[in-house]
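Asker: Provided herewith is a single structure, encoded as structure tokens, for subsequent inquiry.
The values are calculated or read from the model by the stated rules, or taken from the named source; none is laboratory data. A quick note: this is a predicted structure, and the numbers were derived from the prediction, not measured. With ideal geometry, Cβ positions are generated from the backbone for all residues, glycine too; neighbour counts draw on all protein chains shown. Ligands, DNA and RNA are stripped out before the accessible areas are found, and what is left, the full protein with its side chains, is counted by its heavy atoms. Shrake-Rupley method; radii C 1.70, N 1.55, O 1.52, S 1.80 Å.
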Amino acid sequence: MEAILVFIFIAVGFAGWWLWHEKILDKPWTTEGTETDLRESIGTILPTRRTGLAVFLAVVTSVFALLVSAYFTRMELNDWHPVQEPGLLWFNTVLLILASVSIHWCSRSDKINTVKLMLLATGGFTVFFIIGQFMAWQQLVIEGYYLQSNPANAFFYLFTGLHGIHLLGGLWVWFGAMLRVFTGVEIEQAKISVQLCRTYWHFLLVIWMVIFALLLST
């Protein structure tokens, strides 16, 4: 139960920080100005894609929170046998941290060459992370940790697989940002896609850190 509360606290804290950072909690209708200026202000503060991402992250947070709750409930039964996590997960974690750092660096840069390089680095680190997770699965199978043989095994594959699927979805958005940057679009026009990727990668890094800590501690 304590781990569930910690997870929810971290997730809510991250969501609150992001909402504050993107100024979604601002009240533009309280500012003075014409109706046209008000609409333009709201359009600036609440871009459709950013609002959509905020809603999506809230849903993902709820899904993982429910899974964590189910995890702790299920592990109380007698047929639960903890998984010996592959050491490769530590290396994979470093890769995801590097991906998050590179996309953050990318979003802060105004130099097109740096943006291109950091975008490529983000995609590379992420792809290698996903490949590393698949290799960790193979290692577990070789050691006899089959999906159907133990509830703990099933939860391990569920957590890591679901997280990997969300990263694959993020790579689709990343690919769109790559097209904008590498096809000559002005850097300011590509900023919104890069910023969305940054928020998404930071969010999935937090989710993975919580999942990894949960798996290691149980």
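Asker: Need the failing condition index for PHE129 against (1) open to solvent by 20 Å² or more (accessible area, probe 1.4 Å); (2) among the aromatic types (Phe, Trp, Tyr); (3) out of contact with any Cys (no Cβ under 8 Å at 6 or more places or on another chain); (4) in a helix (DSSP H, G or I), just the number.
Answerer: With (1) open to solvent by 20 Å² or more (accessible area, probe 1.4 Å); (2) among the aromatic types (Phe, Trp, Tyr); (3) out of contact with any Cys (no Cβ under 8 Å at 6 or more places or on another chain); (4) in a helix (DSSP H, G or I) applied to PHE129, the lone miss is (1).
Asker: Let me ask something additional. Given the condition among the basic types (Lys, Arg), over 26 Å from GLU85 (Cα atoms), touching a residue at least 40 places away in the same chain (Cβ under 8 Å) and open to solvent by 20 Å² or more (accessible area, probe 1.4 Å), answer yes or no: does some residue in segment 188-195 qualify?
Answerer: First pass over segment 188-195, keeping only residues among the basic types (Lys, Arg): 191.
Checking the rest, the ones that are also over 26 Å from GLU85 (Cα atoms) come to 191.
Now drop any that are not touching a residue at least 40 places away in the same chain (Cβ under 8 Å), which leaves 191.
Among the residues that remain, those that are also open to solvent by 20 Å² or more (accessible area, probe 1.4 Å) are: 191.
Scanning segment 188-195, I find at least one residue that is among the basic types (Lys, Arg), over 26 Å from GLU85 (Cα atoms), touching a residue at least 40 places away in the same chain (Cβ under 8 Å) and open to solvent by 20 Å² or more (accessible area, probe 1.4 Å), so the answer is yes.
Asker: So, one more: Just to verify a result, which residue in segment 78-105, among those that are in contact (Cβ under 8 Å) with a residue 60 or more places away in the chain and part of a loop (DSSP other than H, G, I, E, B), is farthest from ARG198 (Cα to Cα)?
Answerer: This residue is ASP79.
Asker: Now, a different point. Go through segment 52-77 and count every residue that is closer than 23 Å to PRO151 by Cα and in a helix (DSSP H, G or I).
Answerer: The number of residues fulfilling the criteria is 15.
Asker: Would you please name the residue that is least open to solvent (accessible area, probe 1.4 Å), looking only at residues in segment 75-121 that are over 26 Å from GLN138 (Cα atoms) and among the charged types (D, E, K, R)? I'd like the intermediate steps shown before the answer.
Answerer: Initially, segment 75-121 is screened for residues over 26 Å from GLN138 (Cα atoms), giving 76-78, 101-120.
Okay, now just the ones that are also among the charged types (D, E, K, R), so 76, 108, 110-111, 116.
Details: GLU76: 138, ARG108: 172, ASP110: 111, LYS111: 142, LYS116: 57 Å².
Only one residue fits best here, namely LYS116.
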